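All remarks here apply to the structure that follows.
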Amino acid sequence: MAHQHSQFQCVALRSAAASLFPSNIWIETAPIQDLPSIFPEEAALMARAVRKRRAEFLTGRSLMHTGLSFLGFEANPVLRAPSGSPTWPQGVTGSITHCDHCCAVAIARSSEVLALGLDIECGEISGPELTSMICNESERLQLRGGTASELNLKLFYSAKEAVYKALHPIVHRFLDFHEIHVRVEHSLQTFFVDVEADGVDDRLRKLIGRFAIVGNHVAAGVAIF
Ligand SMILES: CC(C)(COP(=O)(O)OP(=O)(O)OC[C@H]1O[C@@H](n2cnc3c(N)ncnc32)[C@H](O)[C@@H]1OP(=O)(O)O)[C@@H](O)C(=O)NCCC(=O)NCCS
């Protein structure tokens, strides 16, 4: 029953996630499950992990290998940089996210896309402390319009995590929530990003992302061309 529920959730999230990116970006979701690892090098990264973490990591790797093969890349282990980001093969960029029961992966050729950031949030994100941690003043004003306030806060969180995942492998520096300014256009399911952080190239400072809301899940995606 639980497996059926997560499969159902993943199907709903799949179409939401697919709406985040143009069609030249491969995207797929899968229910998180205990899978055997294709590569011992990947399994070794999870040797000391708890069962849930191992399952989400290996489900992500399995999806990643499906995507890489779809794009015509050879099957090789995808390890993890010290920052935590996946070590994509040459010629590839991508992003991974997991929520309670579901994992999603987006992959593209780096000849077509410079970087990708994908995030799905399902947990509760609310309260004044989290609001001030995540949002600057203009974002706090936006929280009052649009969707229910809790989902709105989750949307700002998810949008900023997606931006972080896209930018961190390029800029190699930590980005604080307050260095990323987001303006949400609900009618277009789009968010506009101003990155106000030192050491970030001018062409990476203005980004556009897309979002989708499914039940209590918020999905956000940023593609940098
Ligand atoms: C790395 C981080 C963005 C992951 O987000 P999360 O919501 O906790 O978890 P998700 O399941 O959505 O994503 C996890 C995946 O992110 C990817 N990831 C981890 N570190 C990353 C990095 N530095 N750059 C790009 N991707 C990264 C990994 O693929 C990971 O999955 P895997 O370990 O199974 O391969 C987050 O934990 C983090 O460290 N954030 C700190 C920075 C921050 O929040 N700044 C404020 C926003 S600007």
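The values are calculated or read from the model by the stated rules, or taken from the named source; none is laboratory data. All values derive from a computational prediction rather than experimental measurement. Because the Cβ atoms are built from the backbone with ideal geometry, glycine has one as well, and the counts that use them run over all protein chains shown.
Of all residues in the range 79-89, none satisfies being buried (at least 16 other Cβ atoms within 10 Å of the Cβ), in a strand (DSSP E or B) and away from the ligand (no atom under 14 Å from the Cβ).
When S138, S149, S110 are checked against the criterion of being over 29 Å from A12 (Cα atoms) and free of Cβ contacts under 8 Å to residues at least 60 places away in the same chain, a single residue qualifies: S138.
Within the range 38-48, not a single residue is within 21 Å of I170 (Cα to Cα) and without any contact (Cβ under 8 Å) to a residue 40 or more places away in the chain. Of the residues that sit in the range 119-141 and are in contact with a Lys or Arg (Cβ under 7 Å, 6 or more places away or on another chain) and not in a helix (DSSP H, G or I), which one is nearest to the ligand (Cβ to nearest atom)? Filtering first and then ranking leaves D119.
Evaluating I96 against the criteria (1) in contact with a Cys (Cβ under 8 Å, 6 or more places away or on another chain); (2) modelled with pLDDT of 95 or more; (3) more than 24 Å from H168 (Cα to Cα) leaves one unmet condition, (3). Within the range 15-54, the only residue that satisfies the criterion of being of a type in the set (S, T, Y) and buried (at least 19 other Cβ atoms within 10 Å of the Cβ) is T29. Among residues of the range 159-183 that are in contact (Cβ under 8 Å) with a residue 12 or more places away in the chain and farther than 20 Å from C122 by Cβ, those with a Cβ under 7 angstrom from a residue that is of a type in the set (F, W, Y) and within 8 Å of the ligand (Cβ to nearest atom), sequence gap 6+ or separate chain, pair up as L175/Y164. Considering only residues in the range 98-114 that are outside any loop (DSSP other than H, G, I, E, B) and more than 9 Å from the ligand (Cβ to nearest atom), the one that is farthest from H65 (Cα to Cα) turns out to be C102. Pull up the range 19-42, narrow it to residues that are over 30 Å from I208 (Cα atoms) and touching a helix residue (DSSP H, G or I) at 6+ places or on another chain (Cβ under 7 Å), then point me to the one that is modelled with the highest pLDDT. Per the stated criteria, the residue is E42. Please go through the range 49-92 and pick out each residue that is in contact with a Pro (Cβ under 8 Å, 6 or more places away or on another chain) and β-branched (V, I, T). Residues satisfying the conditions are T59, V78. Against the test of being at pLDDT 95 or above, of a type in the set (F, W, Y), crowded, with 17+ Cβ neighbours inside 10 Å and touching a strand residue (DSSP E or B) at 6+ places or on another chain (Cβ under 9 Å), the options F70, F57 yield a single qualifying residue, F57.
Here G117 does not qualify as at positive phi and either of a type outside the set (S, T, N, Q) or in contact with a helix residue (DSSP H, G or I) (Cβ under 9 Å, 6 or more places away or on another chain) (or both).
Would you confirm whether any residue within the range 177-185 is within 12 Å of the ligand (Cβ to nearest atom), outside any helix (DSSP H, G or I) and either surrounded by fewer than 21 Cβ atoms within 10 Å (Cβ to Cβ) or among the small types (G, A, S) (or both)? Yes, there is a match, as at least one residue in the range 177-185 is within 12 Å of the ligand (Cβ to nearest atom), outside any helix (DSSP H, G or I) and either surrounded by fewer than 21 Cβ atoms within 10 Å (Cβ to Cβ) or among the small types (G, A, S) (or both).
For the range 195-218, the tally of residues that are surrounded by fewer than 16 Cβ atoms within 10 Å (Cβ to Cβ), more than 19 Å from the chain's Cα centre (by Cα) and more than 28 Å from G123 (Cα to Cα) stands at 5.
Checking P77, P128, P82 one by one, the residue that is more than 24 Å from A12 (Cβ to Cβ) and either in the same structural domain as H172 (by TED's automatic domain parsing) or among the aromatic types (F, W, Y) (or both) is P128 and no other.
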